[in-house]
Amino acid sequence: MSGGFRWKCVCAFDGAPFQGWQSQPGGQTVQDVIEAALAKLFRREVRIHGSSRTDTGVHARGQVFHFDAEWNHGPDRLLAALRTLLPTSIQIRSARRVSPDFHARLSAVGKRYRYHLFLGWPDPFAAPYCWAHPRGLDVEAMERAAAGLAGRRDFSSFAACSGREMETTVRDLRVLALTRRGRRLVITAEADGFLYKMVRSLVGGLVNVGIGKLTPADISRILAENRRTALVETAPPQGLFLEKVFYR
C-alpha cells in the first residue's frame with residue numbers, strides 16, 4: 001500500500017452511459033468517472049481497483065473497488081463526499097477501511113450475477129434493463145438445461161475469447177437458477193469466478209432452449225465439447241447485473 005489507508009467501497013451503477021468498467025482512453029468508463037471524483041476530493045491522482053471488469057452496457061448493484069488514500073474524517077464523510085461528486089448513474093453504497101492486504105479482485109471468493117428477461121413487451125421503464133421475448137419462452141425446458149450446467153465444470157464452451165491468458169477454464173457454478181414473477185424471468189448465476197462473457201453466454205444458450213432452437217441435451221453436449229460454437233449466442237448486455245461479490 002502506497003501511503004494512507006486502504007478503503008473498500010461498494011457501488012451501484014447504470015451501465016448504459018458507460019463503456020464498461022475498465023479504464024480506457026477518453027474517460028468514458030465507470031472507473032474513469034470514479035477516479036476523476038477521487039482526484040477532485042484528494043487533489044491528486046487516485047487509482048482504484050475493481051472486483052470485476054463489466055462490459056459496456058452491463059449494470060451493477062454490488063461492484064466492489066478499493067483504493068489507498070489518507071482520510072481522517074471517517075467513512076460517513078467520505079461516502080457523502082463521493083456521492084456529491086459523482087453523477088446519479090453511479091452511487092457509492094458503502095465505504096470502510098480495510099486491511100492493507102485486501103484486494104477487491106484478488107481477495108474475492110465468488111460473485112453473483114442476475115440476468116433479467118421479460119416475457120412479452122416491457123414498458124419503457126423496464127425495457128432498458130432486460131432482454132425482451134414477446135413470444136415467450138419454454139421456462140421448464142430452460143430449467144432442465146440449467147440443471148445440467150451447474151457444478152464444477154470446464155466452461156470453455158460458454159466463454160468468449162478475450163485475449164487474456166488464464167490458468168484454467170474450470171469454474172464452480174454453484175447456482176444457476178430461474179425465477180419467474182409474472183412476465184419477468186430472472187436467471188441467477190453464482191460461482192467462484194466467471195470467464196469472459198460467461199454469464200451472458202449461459203443466458204444465450206438457455207434462451208435458445210427456451211425458443212426451441214436447442215434442447216437441454218444439446219446444452220449438455222455443447223458443454224462437454226469444451227469449445228465455443230455458434231449455437232451459443234451472447235445475450236445482450238442490458239439485462240445483466242453484478243449483484244454481489246463475496247469475500248471470506
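Data for the structure
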{"read-out": "Scan of region 19-31 for residues that are touching a Gly at 6+ places or on another chain (Cβ under 8 Å) and surrounded by fewer than 18 Cβ atoms within 10 Å (Cβ to Cβ), ordered by number", "value": "Q19, Q22"}
{"read-out": "Close pairs from region 56-76: first among the hydroxyl-bearing types (S, T, Y), partner at pLDDT 95 or above, Cβ under 6 Å, at least 6 apart", "value": "T56/Q19; T56/G20"}
{"read-out": "Selected residue [more than 15 Å from the chain's Cα centre (by Cα) and crowded, with 19+ Cβ neighbours inside 10 Å] from I211, I187, I222", "value": "I222"}
{"read-out": "Residue that is surrounded by the most Cβ atoms within 10 Å (Cβ to Cβ), among those in region 47-66 that are of a type in the set (G, A, S) and assigned to a loop (DSSP other than H, G, I, E, B)", "value": "S51"}
{"read-out": "Test: residue in region 13-34 that is among the charged types (D, E, K, R) and in contact with a strand residue (DSSP E or B) (Cβ under 8 Å, 6 or more places away or on another chain)", "value": "yes"}
{"read-out": "Residue match in region 68-83 (condition: assigned by TED's automatic domain parsing to the domain that holds V10, within 17 Å of G193 (Cβ to Cβ) and either at pLDDT 95 or above or polar (S, T, N, Q) (or both))", "value": "no"}
{"read-out": "Among residues of region 139-162, those that are hydrophobic (A, V, I, L, M, F, W, C) and in contact with an Asp or Glu (Cβ under 9 Å, 6 or more places away or on another chain), counted", "value": "1"}
{"read-out": "Some residue of region 194-201 being surrounded by 19 or more Cβ atoms within 10 Å (Cβ to Cβ), among the small types (G, A, S), touching a residue at least 12 places away in the same chain (Cβ under 8 Å) and assigned to a helix (DSSP H, G or I)", "value": "yes"}
{"read-out": "Cross-chain or 6+ apart pairs with Cβ under 8 Å, region 203-222 first and of a type in the set (D, E, K, R), then not in a loop (DSSP other than H, G, I, E, B)", "value": "D218/V209"}
{"read-out": "Answer from A104, A160 - the residue that is within 18 Å of the chain's Cα centre (by Cα), in a loop (DSSP other than H, G, I, E, B) and crowded, with 20+ Cβ neighbours inside 10 Å", "value": "A104"}
{"read-out": "Failed criterion for K197 (all others in (1) at negative phi; (2) touching a Ser or Thr at 6+ places or on another chain (Cβ under 8 Å) hold)", "value": "(1)"}
{"read-out": "Some residue of region 125-143 being within 17 Å of the chain's Cα centre (by Cα), outside any loop (DSSP other than H, G, I, E, B), surrounded by 19 or more Cβ atoms within 10 Å (Cβ to Cβ) and assigned by TED's automatic domain parsing to the domain that holds D32", "value": "no"}
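For every residue, the table says whether it meets (1) over 21 Å from the mean Cα position of the chain (by Cα); (2) of a type in the set (S, T, Y).
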site: K8; (1), (2): no, no
site: F18; (1), (2): no, no
site: T29; (1), (2): no, yes
site: L38; (1), (2): yes, no
site: L41; (1), (2): yes, no
site: E45; (1), (2): yes, no
site: I48; (1), (2): no, no
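The values are calculated or read from the model by the stated rules, or taken from the named source; none is laboratory data. Computed from a predicted model, the values in this text were never measured in an experiment. We place every Cβ from the backbone using ideal geometry, glycine too, and count neighbours over all the protein chains shown.
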